[in-house]
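S.K.: Here it is, the structure, as structure tokens.
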Amino acid sequence: MTAVLDTLVAVRRTAMDLLARREHGRVELTRKLRQRGASPEMIETALDRLTEEGLLSEARYLESFVSYRARSGYGPLRIREELSQRGLQRSDIELALRESGILWHEQLEDTWRRKFSGQLPTDVRERARQGRFLAYRGFSMEMINRLFSGRGMDD
């Protein structure tokens, strides 16, 4: 059973423990600390201090999340939606996606090859099946259609 976080030191220590495991966004960290019984005032104070010290960074969190999800085979639409659901600002999300350096068409092709062994769909039904999978993973229909038509993304 977790102890109630009733001092600023305890809130800060718990926040640092969470950040030591992986990057967190401010909203996510606030939610986790609230679940552990910390007061909103102590959470704000502790998180402000961690931000000042550079231990809590939305930019680092966004960079880490985008990179992790892209390596897991997800596209920009899915990643954008997941970050929006986590309470991050749309402009920050767009900036992180742009600055990630990820070539989304290569990511799409890699995801497609891993799932379908590079076999282009031979009929409408198979094309729809592959397209649904890739769209679910967060790639646009424009990108998917380019992949299926054999045209490169730079055409």
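The values are calculated or read from the model by the stated rules, or taken from the named source; none is laboratory data. Only a predicted model underlies this, so the values are computations on that prediction, with no experimental measurement involved. Heads up, the Cβs are rebuilt from the backbone with ideal geometry, glycines too, and the neighbour counts pull from every protein chain shown.
S.K.: Just give me the residues in region 1-25 being under 23 Å from Leu88 (Cβ atoms) and either aromatic (Phe, Trp, Tyr) or without any contact (Cβ under 8 Å) to a residue 40 or more places away in the chain (or both), in sequence order.
M.R.: Val11, Arg12, Thr14, Met16, Asp17, Leu18, Leu19, Ala20, Arg21, His24
S.K.: Looking at region 114-131 only, could you name the residues that are in a loop (DSSP other than H, G, I, E, B) and in contact with a helix residue (DSSP H, G or I) (Cβ under 6 Å, 6 or more places away or on another chain)?
M.R.: Within region 114-131, Pro121 is the sole residue that qualifies.
S.K.: I need the full set of residues from region 93-117 which are polar (S, T, N, Q) and closer than 11 Å to Gly75 by Cβ, in order please.
M.R.: Those that are polar (S, T, N, Q) and closer than 11 Å to Gly75 by Cβ: Gln107, Thr111.
S.K.: Does Thr122 satisfy the condition of being loosely packed, with under 13 Cβ neighbours inside 10 Å and either assigned by TED's automatic domain parsing to the domain that holds Val66 or out of contact with any His (no Cβ under 6 Å at 6 or more places or on another chain) (or both)?
M.R.: Considered against the rule, which asks whether it is loosely packed, with under 13 Cβ neighbours inside 10 Å and either assigned by TED's automatic domain parsing to the domain that holds Val66 or out of contact with any His (no Cβ under 6 Å at 6 or more places or on another chain) (or both), Thr122 comes out as yes.
S.K.: What is the one condition in (1) more than 12 Å from the chain's Cα centre (by Cα); (2) of a type in the set (A, V, I, L, M); (3) in a helix (DSSP H, G or I) that Val4 does not satisfy?
M.R.: Status for Val4: all satisfied but (3).
S.K.: Would you check which residues across region 65-85 are surrounded by fewer than 16 Cβ atoms within 10 Å (Cβ to Cβ) and either more than 8 Å from the chain's Cα centre (by Cα) or polar (S, T, N, Q) (or both) and list them?
M.R.: Answer for region 65-85, where residues must be surrounded by fewer than 16 Cβ atoms within 10 Å (Cβ to Cβ) and either more than 8 Å from the chain's Cα centre (by Cα) or polar (S, T, N, Q) (or both): Ser67, Arg71, Ser72, Glu81, Ser84, Gln85.
S.K.: A follow-up question, please. Restricting to region 37-96, count the residues that are in contact with a Ser or Thr (Cβ under 8 Å, 6 or more places away or on another chain), free of Cβ contacts under 8 Å to residues at least 60 places away in the same chain and under 27 Å from Thr111 (Cα atoms).
M.R.: 6
S.K.: As an exercise: evaluate Thr111 against (1) touching a residue at least 40 places away in the same chain (Cβ under 8 Å); (2) crowded, with 16+ Cβ neighbours inside 10 Å; (3) not in a loop (DSSP other than H, G, I, E, B) and give the number of the one condition it does not meet.
M.R.: (1)
S.K.: Still on this structure, please answer the following. Can you pull out every residue in region 87-115 that is basic (Lys, Arg) and either touching a strand residue (DSSP E or B) at 6+ places or on another chain (Cβ under 8 Å) or under 17 Å from Gly150 (Cβ atoms) (or both)?
M.R.: If the condition is that a residue be basic (Lys, Arg) and either touching a strand residue (DSSP E or B) at 6+ places or on another chain (Cβ under 8 Å) or under 17 Å from Gly150 (Cβ atoms) (or both), then Arg113 is the only one that fits.
Here's the yes/no breakdown for (1) at pLDDT 95 or above; (2) more than 15 Å from Gly25 (Cα to Cα):
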{"position": "Asp48", "(1), (2)": "yes, no"}
{"position": "Phe65", "(1), (2)": "yes, no"}
{"position": "Ala70", "(1), (2)": "yes, yes"}
{"position": "Arg80", "(1), (2)": "yes, no"}
{"position": "Leu83", "(1), (2)": "yes, no"}
{"position": "Thr111", "(1), (2)": "yes, yes"}
{"position": "Pro121", "(1), (2)": "no, yes"}
{"position": "Ala128", "(1), (2)": "yes, yes"}
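S.K.: Output the number of residues of region 8-46 satisfying the condition of being aliphatic (A, V, I, L, M), surrounded by fewer than 21 Cβ atoms within 10 Å (Cβ to Cβ) and touching a Leu at 6+ places or on another chain (Cβ under 9 Å).
M.R.: Of the residues in that region, 5 qualify.
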